[in-house]
Amino acid sequence: LSGTLPRVNGWIYDAYVRMDHRPPPDDVAIVSVDAASLDALGQWPWSRAVHGALVRRLTTVRPKAIAFDVAFHEVHAGDPAGDTVLANAMTENGRVVLPVFPERMGPAGAVREAGPIPVLAHAAARLGHADVELDADQVSRRVFLYAGLGSARWPSLALATWDVGEGGTVHDVAALARPMRTTLSGRVWIRDREAMVRFGRAPGSIRQVSYERVLRDDRALAELAGKYVLVGVTAPGLAQMIATPVSTQDATMSGVEFSCSDWVKASAQRT
């Protein structure tokens, strides 16, 4: 009733995670929208044609899968033709995963399921949810392997990416998901299959390559061959920053790095 036990459990788990010094996964890499990329490519958000060029570059080195931790839920007003460029590049690649996330409609409004625009959704190999659970102390220690509006039908972004890379069928979960609880008001966003995240290393430990380098530097591109590649924003002021058990006051974890944590394979194998 006092809420003391969950806090104590969190402290114990945090201590355990900080002592677990496993190396970061060597088959996962982040293509980061960092400050250097913004300087080179201009103000965010970029034309979707830029993302199409990235996908085509990555296709040449045959990554296991590509996931965007970037919202594409609206047509790009400044360059709608770029949406088609990205969709075509995704179709040619055949291994691109896009995010779905819960979006509140006002301070006390209903929740909607915000996914990619239709032309991009149809071109994606999978869709995965990018919902992040926060404990009462605003620290993220867990992930729900499945979530969605009305039913937990979407695998997590990381799990969907693993599934595409391994050629599996983990995404077909409609008959498996068992609603456990709701955490958002209004229309019901359901989370299922809770798994604790074993981070292993502090923020910044997973290999990151600047977006603009991948576009211009063949050596940087070659380093991504055969890997799971997650694309996301890491630039200060733009990135979603998440406090985790391995964070310090000055080093929180970007949303895309959270998705890269090495629970991906273990969680998928437990499903």
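The values are calculated or read from the model by the stated rules, or taken from the named source; none is laboratory data. Owing to the predicted nature of the structure, the values given are computational and were not obtained by experimental measurement. No Cβ is skipped: glycine too gets one built from the backbone with ideal geometry, and neighbour counts run over all protein chains shown. Side chains included, ligands, DNA and RNA excluded: accessible areas come from the protein's heavy atoms. Shrake-Rupley method; radii C 1.70, N 1.55, O 1.52, S 1.80 Å.
Structure notes:
- Close amide H pairs (under 5 Å, H built 1.01 Å from N) link Ser254 with Ile242, residues at least 5 positions away or on another chain.
- Summarising the label geometry, the points placed 7 Å from Cα in the beta-carbon direction at His122 and Thr60 lie 2.9 nm from one another.
- Across segment 71-159, the relative contact order, built from alpha-carbon pairs under 8 Å that are at least six residues apart, equals 27 percent.
- Cβ-based net charge around Gly237, under 14 Å, with every Lys or Arg adding one and every Asp or Glu removing one: -2
- Rounded percent of accessible protein surface that carbon and sulfur make up, segment 29-94, 1.4 Å probe: 54 percent
- Spin-label pair Val139-Glu223: with each label point 7 Å from Cα along the Cα-Cβ axis, the two points sit 3.1 nm from one another.
- Computed label-point distance, nm, for sites Leu41 and Val8 using a 7 Å Cα→Cβ extension: 4.9 nm
- Rounded, prolate or oblate (a/c below 1.5 giving rounded, otherwise prolate when a/b exceeds b/c) for segment 21-171 by Cα gyration tensor: rounded
- Using equal-weight Cα scatterers in the Debye expression, the normalised intensity of segment 19-104 in log10 at q = 0.25 Å⁻¹ is -1.41.
- With 10 Å bins from 0: P(r) over segment 82-136, alpha-carbon pairs, percent: 23, 40, 25, 12, 1
- Taking every DSSP bridge with both residues inside segment 27-135, close to 40 percent are antiparallel.
- Global form of segment 90-170, assessed from the alpha-carbon gyration tensor, a/c cut-off 1.5: oblate
- Counted charge near Pro99, where neighbours are those whose Cβ lies closer than 12 Å (Asp, Glu -1; Lys, Arg +1): -3
- Here's how it looks for Val197: its modeled amide H is under 5 Å from those of Arg142, Val143, which are all 5 or more places away or on a different chain.
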